[in-house]
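Okay, so here's the structure we're looking at.
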Amino acid sequence: MTSTTDLLKVRDLDVQYGPAVALRDVSFDLPPNSALAVLGPNGAGKSTLARTLSGLVPPVRGSIELDGRNIAGRSPEYIRRTGLVHLPEGRGVFAGLTVLENLRMATMGDRRRRTESLNRALEIFPVLGERAGQAAGTLSGGEQQMLSLARALMVNPRLVIADEMSLGLAPKMVDVVFESLQRARAAGVAVLMIEQFATRALDFADRCLILQRGRVAWTGPADDAGSELLHRYLGDTTAA
């Protein structure tokens with residue numbers, strides 16, 4: 001039986017691009033302050049799922065409830081206001097602006113609220129305070145992802161969708177990304193993670209959902225997604 005305290009509930013989700021089926025009968029739950037690793041081979045529908053949850057792609061069937069409110073098919077702006085922030089593949093920062101300017105642009109609230117949000121972001125990520133006057137484009141890849149996440153947290157989200165945040169980063173910078181996401185969880189934010197490093201994602205997450213050809217191939221506790229299961233569904237390269 002599904003818990004009534006789940007932050008996100010997805011039921012029977014179908015998504016199509018014209019006649020092509022991208023997602024079919026996708027259902028899962030995500031409790032508050034938890035982490036879900038969404039894994040699967042290329043073309044499995046992972047990024048389509050993220051884009052649908054955040055309102056960038058409309059579903060043709062199914063429901064998406066965030067904190068009891070059905071957000072399926074609503075605008076990205078509406079969904080963001082309800083507490084879901086999508087960090088798409090890519091850094092998502094303004095390279096020519098300073099770190100501080102990037103953070104200030106993340107919220108358009110009143111001055112007091114803006115200051116509180118800025119202080120909160122710098123408390124979670126103190127290294128950004130040290131880089132406040134530095135152009136965002138001169139940060140390392142991992143630090144840019146940290147800045148992107150800090151910008152998202154300034155709007156006090158309930159749920160962050162992290163879509164391939166470690167893509168193209170050196171191993172040391174991948175550590176920075178995972179540490180940043182862990183800090184977000186410590187601040188009370190739930191995380192839905194789409195990640196190329198399956199074993200790292202499973203170490204981070206509470207639960208795992210494996211997509212294959214747009215359908216849920218397996219779901220369960222992250223600790224139960226052993227190497228045999230990963231190789232069966234993801235293949236040798238993706239499961240590593």
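Rank L23, L118, V189 by how far each Cα sits towards the positive end of the charge dipole of the chain (+1 on Lys, Arg Cβ; -1 on Asp, Glu Cβ) and give me just the farthest.
Checked the options; the winner is L118.
Would you give the gap between the C-alpha center of the stretch 8-26 and the C-alpha center of the stretch 172-220, rounded to a whole Å?
21 Å
Once you compute Rg and the Kirkwood Rh from C-alpha atoms, what is the Rg to Rh ratio for the stretch 92-165?
0.94
Before anything else, pin down the relative contact order of the stretch 85-220: Cα pairs under 8 Å, at least 6 apart, normalised by residue count, whole percent.
So the answer I get is 27 percent.
From the Cα trace of the stretch 8-239, what convex hull volume per residue do you get, rounded to a whole Å³?
Dividing the Cα hull volume of the stretch 8-239 by its residue count gives 118 Å³.
Over the residues of the stretch 101-240, compute the C-alpha Rg and express it relative to 2.2 N^0.38 Å.
1.17
How large is the convex hull of the Cα atoms of the stretch 39-80 per residue, expressed in Å³ as a whole number?
Here the figure is 81 Å³ per residue.
Over all pairs of distinct alpha carbons, what does the Kirkwood formula give as the hydrodynamic radius of the stretch 160-240, in Å?
For the stretch 160-240, inverting the mean 1/r across all distinct Cα pairs yields 13.3 Å.
Could you work out [θ]222 nm for the chain from helices alone, using -39500 (n - 2.57) per DSSP H run of at least four and dividing by all its residues? Round to the nearest 500 deg cm²/dmol.
It comes out at -11000 deg cm²/dmol, rounded to the nearest 500.
Between A132 and E116, what is 0.36 nm times their sequence separation minus the Cα-Cα distance? Round to one decimal in nm.
Between A132 and E116, full extension yields an extra 4.1 nm.
Give, in nm to one decimal, the length gained when the segment between M105 and A187 is fully stretched (0.36 nm per residue of separation minus the Cα-Cα distance).
Gain on stretching M105 to A187: 27.4 nm.
Take every Cα pair under 8 Å in the stretch 8-239 that's 6+ residues apart, average their separations, divide by the length, and report that relative contact order as a whole percent.
Dividing the mean separation by the residue count of the stretch 8-239 yields 28 percent.
Any read-out appearing in this document is the output of simple, stated calculations on the displayed coordinates, not a laboratory observation. A quick note: this is a predicted structure, and the numbers were derived from the prediction, not measured. With ideal geometry, Cβ positions are generated from the backbone for all residues, glycine too; neighbour counts draw on all protein chains shown.
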